[in-house]
Each structure stands twice: as structure tokens, then as C-alpha cells.
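The values are calculated or read from the model by the stated rules, or taken from the named source; none is laboratory data. These numbers were taken from a predicted model, which means no experiment stands behind them. Reconstructed Cβ throughout: ideal geometry from the backbone, glycine too, with neighbour counts over all protein chains shown. Please note that ligands, DNA and RNA were not included when accessible areas were found on the heavy atoms of the full protein model with its side chains. Shrake-Rupley method; radii C 1.70, N 1.55, O 1.52, S 1.80 Å.
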Amino acid sequence: MRAQSSATATTSIAVTAPAAERPGFGAGQAALGVLAFSLTFPATAWGLEGFGPWTLVAVRSVLAALVAGGCLLALRVPLPERRHLPGLAVVAAGVVFGFPLLTTLALQTSTTAHAAVVVGLLPLTTAVCSALRTGHRPARRFWLAALAGAAAVVAFTVGQSGGALTAADGYLFGALLVCAAGYTEGGRLARVMPGWQVIGWALVLCLPLSVPGAALALSYEPVRLTAHAVTGLLWVAVGSQFLGLVVWYRGMAAIGVPRASQLQLAQPLLTLVWSALLLGEGLTAAAPLTAVAVLVCIAVTQRA
């Protein structure tokens, strides 16, 4: 009877456990974030058809902040605690402002395939940043698989761009560093507050800079409203800047920053597919081989 009662209690707990604690939930949330992020570079390229780089970055931040702020107000979410403000500032500087600005400037002279090199290196950089920030030390097999996956993605994306470095590389590597810091701090904060509130408050914190920045940029940079430009702007503002980061931070909170970051190894390949479909950029026969290699590395990191 006691064993039966124990089994019944265990079953009851399993049934009533929050969705965030169920196996695979965190990985699924992080994967949705990766899917949303994979469209960022093609959407940015579309946005640059009608907006200047500074206008595109500032306006996307304002639009995303309005959506996030509306959700925070509608749900009457209290202001974040003072002790969380430094972390939110890091998220704002890295994810809301730094990465979008630097990659948008890079995409003025770089193809989306070449810019995908940044995304290929981002999981490894995020894992290193997380280890330094939290003191966590993943297993050696984790690092070997992460390095192998990053090497495969870098080799593929550099091969796609002809193997030549461009003047945009400085922007791209700068974006890599600030985004890794923002992801790490956001993943840490998402353990103590809902992920959507992390990015929501980070966006709202940027409003004192993004609103005057948008007004100034619009006064200097010409605007040409086209279907591509408007669609690209709306996606990077709502899809990438808010909704994608909501599920991404929820995923990182559930499975940890290092493991979630390795799912992003698939992002460059998805970006290349979207670039071919939406921008007409060509793909080589190496794509399926690299995809298999990346999936193997992701499987190893998840087990490690």
C-alpha cells in the first residue's frame, strides 16, 4: 500500500509539474528562438533596402519596446528589483543595442552568408562567457564537441563567402562579444524572472536612447517604404528582438546557457537557407554535409 501510494504521488507530481520542468521543454523553447534568429540577417538585408542602418536599428528597438512595454503594463508587472538593473543593462547593451547595430553596419558591405560566421562562433563564445561568469565548468567532451561544431560552421560559412575577410569583420567580431555577454546575463536573470520580462525590461530601459536616436536618424537618413523594407523592419523588431528572445531566454533558463547555446550551431545553416529563398544567394553541395556534422555535435553537447 505504501509503495502504491508513493507511486501514485509520483505520478501526480509528474502530471501537475509545470511545463517548464518537463523534459525537452527548454530545448524546444531554445530551438524556437534559434528559428526566429535565423531570419534576422535576411530580414535586416530587406530592411536596409528602405532604411538607413541607424534608422533601422533605432526604430526596431522602439517598436519592440512598445510591444514589450504594452505587455508589461497590461499584465501589471512590477518594476524589476534594483539588484537586477545591472544585469538588465548588460542585456540591453549587448542584445538590444550592440548586436543589432554592429551586424546591421556589417551587412551594408557583407553578405548574409559571411555574417553567419558570427552566429557560428556565438555558441562557443557564449559558453566561454557563461563559464567565466558563473564558474560552471562543462565536461571536456562538451568543449570538444562545441569546438568541432563551431569549426564546421566557420569552415562552411567562410567557404560560402569565398574565404576572404572583409572590412565588416571588425563589426561582426564586436557583435559576437557583446551578444555573448548579453545572452549570458539574460540567461542568468531568466532563472529569477520570466524570460519575456528580462528582454521586455531591457527594451524599455533603452527607450530614453532609442526614441531620440530614431528621431535623429530619421532626420538624416532617407526612407523608402517598400514591402521588403517594412516586412524586414517588423520582423527584426517583433520577431527577432522580442518574441525570439522571449523563448530563447526561457530555454536558457530551463537547460542552462552552455547547452542552449550549442543549439545555435544550426542557426547559420538555417540563415543560409532563408538567404537562398528570400535573397537569392546561392548554396553549395557542402550544406547537407555540414548540417549532419552540426547535428552530431549538438547531440554530443546535449549528452555531455
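What is the projected area of the convex hull of the Cα atoms of the chain, averaged over all directions, in nm²?
Details: hull surface 72.6 nm².
Over all viewing directions, the chain projects a mean Cα-hull area of 18.1 nm².
Take the Cα gyration tensor of region 240-304, multiply each eigenvalue by 5, square-root it, and list the three semi-axes largest first, rounded to whole angstrom. Can you show the working numbers first?
On the way: eigenvalues 120, 67, 5 Å².
Equivalent ellipsoid semi-axes, largest first: 24, 18, 5 Å.
Probe radius 1.4 Å, ligands and nucleic acids ignored: give me the carbon and sulfur share of the accessible area of the chain as a rounded percent.
The value for the chain is 70 percent carbon and sulfur by accessible area.
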Report Rg(Cα)/(2.2 N^0.38 Å) for region 126-245, keeping two decimals. 1.35
Using a 10 angstrom cutoff on alpha carbons, build the Gaussian network for the chain and name the most mobile of 59, 119, 192. 192
The rounded separation in angstrom of the Cα centers of region 185-224 and region 41-94 is 3
Comparing 227, 74, 266, which has the greatest mean-square fluctuation in the GNM of the chain with Cα pairs linked when under 10 Å apart? 74
GNM top mover of 219, 261, 38 - the chain, alpha-carbon springs below 10 Å: 219
Please compute the contact order of the chain in relative form: average sequence separation of alpha-carbon pairs under 8 Å and at least six residues apart, divided by the residue count, as a percent. 39
Mean residue ellipticity (222 nm) of the chain, computed from DSSP H runs ≥ 4 via -39,500 (n - 2.57), nearest 500: -22500 deg cm²/dmol
When the charge dipole of region 171-304 is computed with +1 at the Cβ of Lys and Arg and -1 at the Cβ of Asp and Glu, the Cα pointing farthest to the positive end, of 254, 272, 181, is that of 254
To the nearest Å², the heavy-atom accessible area per residue of region 86-236 with 1.4 Å probe amounts to 43
Along principal axes, largest first, the alpha-carbon spread of region 193-289 in whole Å comes out as 47, 40, 17
Restricting things to alpha carbons, find the Rg to Rh ratio for region 72-116 using the Kirkwood radius for Rh. 1.23
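Could you size up the charge dipole of region 135-225 around its Cα centre, putting +1 on the beta carbon of Lys and Arg and -1 on that of Asp and Glu, and report it in debye to the nearest 20?
Numbers: 6 positive and 3 negative charges, 95 e Å.
It comes to approximately 460 debye.
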Where the only charges are on Cβ atoms (+1 Lys, Arg; -1 Asp, Glu), what is the dipole of the chain about its Cα centre, to the nearest 20 debye? 1080
Mind putting together the pair-distance distribution for region 77-154? All Cα pairs, 5 Å bins, whole percent per bin, short to long. 3, 12, 15, 19, 17, 16, 11, 6, 2
